[in-house]
Amino acid sequence: MTGRTIVITSGKGGVGKTTATANIGTGLAMRGHRVVVVDTDIGLRNLDVIMGLENRIVYDLVNVIEGTCKLSQAMIGDKHDYELYLIPAAQTRDKNSITPEQLREMCAELEKEFDYVLIDCPAGIEQGFKNATAAAQEAIIVTTPEVSAIRDADRIIGLLESSGLHRPKLIINRIDPEMVRRGDMMDQKDVESLLAIEVIGLVPADEQTIVAANRGIPVVHNTKSPAGGAFLRIASRVDGEDIPLMDLEPKNGLFSRFKGMVGMNGRAYSHA
Amino acid sequence: MLKTGVVQVIARGTDVAFVIDENAPFDVVAGELKDYLSKKSGLWSKGDITINVGQRMLARDELAKIKSIIETNSGLKVTRFWFAPESLDSGDLKIEAKPTTDGGPAKPAAHNEVVLPEQAPQTSAKSKSAVESIIESLKSRQNKNGARNRNITEALFIKSTFRSGETLHHQGDVVVLADVNPGAEIRADGDIVVFGSLKGWVHAGASGDNKAVIIALELPSPRFQIGKFLGVAPVTAHRQPKLSASGPQIAYVRSRSIHVAPFAGRFARYNKGVPYDG
């Protein structure tokens, strides 16, 4: 079996890479795949917390790479009945503890056993980014509809393409449909035209995402929540299913939509 | 032909070419070059030389170092660097690390001449490619007219979106068949044409040519340079750059400031543009 190694990256911090990794990983596992998620944010590990597995950590990524433990010893099984495993990052080390070659080797090992290897990339474009992207054959870029996040995503796309990772996919996270309707937030088309890459998912801003992260149960388990549904659809698209992107509807109904129709919405942002 | 490992010296009549192995480390090349020249110091009393670096990526200071090694250890004058044309291919955006066809920052303008002398023997004439002859004839024609003093190089085509953080300096015209995103930088000694939206920072006529122009299908870039002039888009109360019109636009220098007007063809006379002086 040869799995796919996908890196989830963004450039800017705090846009939802780790949340996306946990949810897409869980979503793929819910679809019956064998999935392993690797946290490469050494020194600032978070993926274990979001997945609710921080109490089970014994060995970590750096231990595996340095040979202190076997690969299987560092893999933590998910709480739910899925074939989902986590390799946590070391908290007491830094990004220079591993090299791109070592991570690539480890992922090649994992690909033999798993359908999907998801790499949670740290923010920035330094050593951690180089490590994480070297191991992957595909990339998913997470951005929010903000100029700063999009500028960083643009830079990341350029760096990925120059290192041979072509055609990255884009997730636009934390879209506020109400703000988009008012014209205060970029919509999918604006982001798409600026970054010129394929959008693989739109995730609405949803407080359930934060609640779920705090509980350590990724929001994708709650498929009825807007964000959970969106992440499950993204997992399906990653899996090769052709699901059209959904238009995100503002929650409060008729009146606001009426206002939009009569043209009371202007645009308050600039792309330049 | 004399072979010295990584550095090959090819003599063509009065011309000498140094061909440097593409894969050898820079220090080895520098060392060998120095050894070779000091051993044969009597041989190279004077003359002009060309250095062929092939696909190698050299920084400007490395080029300058090679130049200085050759010029101090022999009486030779480095007049030209030769790069494999494919090393300037558009698909690869690592161009920033590669110098283009001049010989480092220290070189005086007079040395930019393309040197493939007419009086050279047949071998040299034969090895001259069609492109070189065209460049040469253009060059001589230009010098005669005293027209635009531009170092003629092939235009560079960029076929994918030029993204934030990517930089490029090209000794000729640059054509981008996509968008130039904010945070990207292009410096061209010639014109810059963007078949897309130009949002990044560009400098046309970077070697001081004020007759260079910038043409783009959309020109929302708030700031760009032509020659020694800086254009800053006039701003409205909403800090939104006020554009003279939608559609293709051309930026050019008139009466010592940059103007932007709707593009109506390369040979149209542009008079009524919006001044871009902030």
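The values are calculated or read from the model by the stated rules, or taken from the named source; none is laboratory data. Given the structure is predicted, the values throughout are model-derived calculations rather than measurements. Here the Cβ is made from the backbone with ideal geometry for all residues, glycine too, and neighbour counts use every protein chain on show. Just so you know, the surface numbers come from the protein's heavy atoms only, side chains and all, with ligands and any DNA or RNA stripped out. Shrake-Rupley method; radii C 1.70, N 1.55, O 1.52, S 1.80 Å.
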With the requirement that a residue be in a strand (DSSP E or B) and surrounded by fewer than 24 Cβ atoms within 10 Å (Cβ to Cβ), what does segment B:196-223 give you? B:Gly196, B:Ser197, B:Trp201, B:His203, B:Ile215, B:Leu217, B:Glu218, B:Arg223
Filtering segment A:206-224 down to residues that are open to solvent by 50 Å² or more (accessible area, probe 1.4 Å) and hydrophobic (A, V, I, L, M, F, W, C) yields A:Ile210, A:Val211, A:Ile217
Filtering segment A:173-192 down to residues that are free of Cβ contacts under 8 Å to residues at least 60 places away in the same chain and under 21 Å from the mean Cα position of the chain (by Cα), which residue is farthest from the other protein chains (Cβ to nearest Cβ)? A:Asp176
Checking the structure you have, find out if any residue of segment A:147-155 is under 16 Å from the mean Cα position of the chain (by Cα), within 14 Å of another protein chain (Cβ to nearest Cβ) and among the acidic types (Asp, Glu). yes
When the residues of segment B:186-195 are filtered to those that are open to solvent by 10 Å² or more (accessible area, probe 1.4 Å) and farther than 17 Å from B:Phe229 by Cβ, which remaining residue is farthest from the other protein chains (Cβ to nearest Cβ)? B:Val193
Output the residues belonging to segment B:257-267 that are open to solvent by 40 Å² or more (accessible area, probe 1.4 Å) and more than 15 Å from B:Ala212 (Cβ to Cβ). B:Pro262, B:Ala264, B:Phe267
Six or more apart or on different chains, Cβ atoms under 6 Å: show the pairs whose first residue is in segment B:193-211 and in the same structural domain as B:Leu168 (by TED's automatic domain parsing) and whose second is among the polar types (S, T, N, Q). B:Leu198/B:Ser221; B:Lys199/B:Asn181; B:Lys199/B:Ser221; B:Gly200/B:Asn181; B:His203/B:Gln225
Residues located in segment A:31-81, provided they are open to solvent by 30 Å² or more (accessible area, probe 1.4 Å) and of a type in the set (Gly, Ala, Ser): A:Gly32, A:Gly67, A:Ser72
Report yes if A:Leu159 is more than 17 Å from the chain's Cα centre (by Cα), surrounded by fewer than 23 Cβ atoms within 10 Å (Cβ to Cβ), part of a helix (DSSP H, G or I) and hydrophobic (A, V, I, L, M, F, W, C), otherwise no. yes
Name the single residue, out of those in segment A:193-205 being within 14 Å of chain B (Cβ to nearest Cβ) and in contact (Cβ under 8 Å) with a residue 24 or more places away in the chain, that is most open to solvent (accessible area, probe 1.4 Å). A:Glu198
Conditions first: (1) under 24 Å from A:Gly229 (Cα atoms); (2) within 14 Å of chain B (Cβ to nearest Cβ). A:Phe129 passes all but one, so which condition is the exception? (1)
Give segment A:162-172 a look and list any residue that's part of a loop (DSSP other than H, G, I, E, B) and within 15 Å of the chain's Cα centre (by Cα), or say none. A:Pro168
So A:Ile98 ticks every box in (1) open to solvent by less than 10 Å² (accessible area, probe 1.4 Å); (2) in contact with an Asp or Glu (Cβ under 7 Å, 6 or more places away or on another chain); (3) without any contact (Cβ under 8 Å) to a residue 60 or more places away in the chain but one. Which box is left unticked? (2)
Please tell me if A:Arg93 is over 19 Å from A:Thr5 (Cβ atoms), of a type in the set (Lys, Arg), in contact with a strand residue (DSSP E or B) (Cβ under 9 Å, 6 or more places away or on another chain) and open to solvent by 30 Å² or more (accessible area, probe 1.4 Å). no
Name the residues in segment A:120-156 that are assigned to a strand (DSSP E or B) and open to solvent by 10 Å² or more (accessible area, probe 1.4 Å), would you? A:Glu138
Result of the Cβ filter at 7 Å on segment B:243-255, keeping first residues that are closer than 7 Å to B:Ile215 by Cα and partners that are at pLDDT below 85, at least 6 apart or interchain, is B:Ile250/B:Tyr270
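Look through segment B:196-215, keep the residues that are within 14 Å of another protein chain (Cβ to nearest Cβ) and over 18 Å from the mean Cα position of the chain (by Cα), and return whichever of them is farthest from B:Ile258 (Cα to Cα). It would help to see each step written out before you state the result.
Pass one, segment B:196-215, residues within 14 Å of another protein chain (Cβ to nearest Cβ): B:196-202.
From what's left, over 18 Å from the mean Cα position of the chain (by Cα): B:196-200.
On the way: B:Gly196: 21, B:Ser197: 19, B:Leu198: 16, B:Lys199: 17, B:Gly200: 17 Å.
The qualifying residue farthest from B:Ile258 (Cα to Cα) is B:Gly196.
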Looking only at residues in segment A:14-36 that are touching a Phe, Trp or Tyr at 6+ places or on another chain (Cβ under 9 Å) and β-branched (Val, Ile, Thr), which one is nearest to A:Ser148 (Cα to Cα)? A:Thr19
Name the residue that is most open to solvent (accessible area, probe 1.4 Å), counting only residues in segment A:162-172 that are in contact with a Lys or Arg (Cβ under 9 Å, 6 or more places away or on another chain) and within 13 Å of another protein chain (Cβ to nearest Cβ). A:Ser163
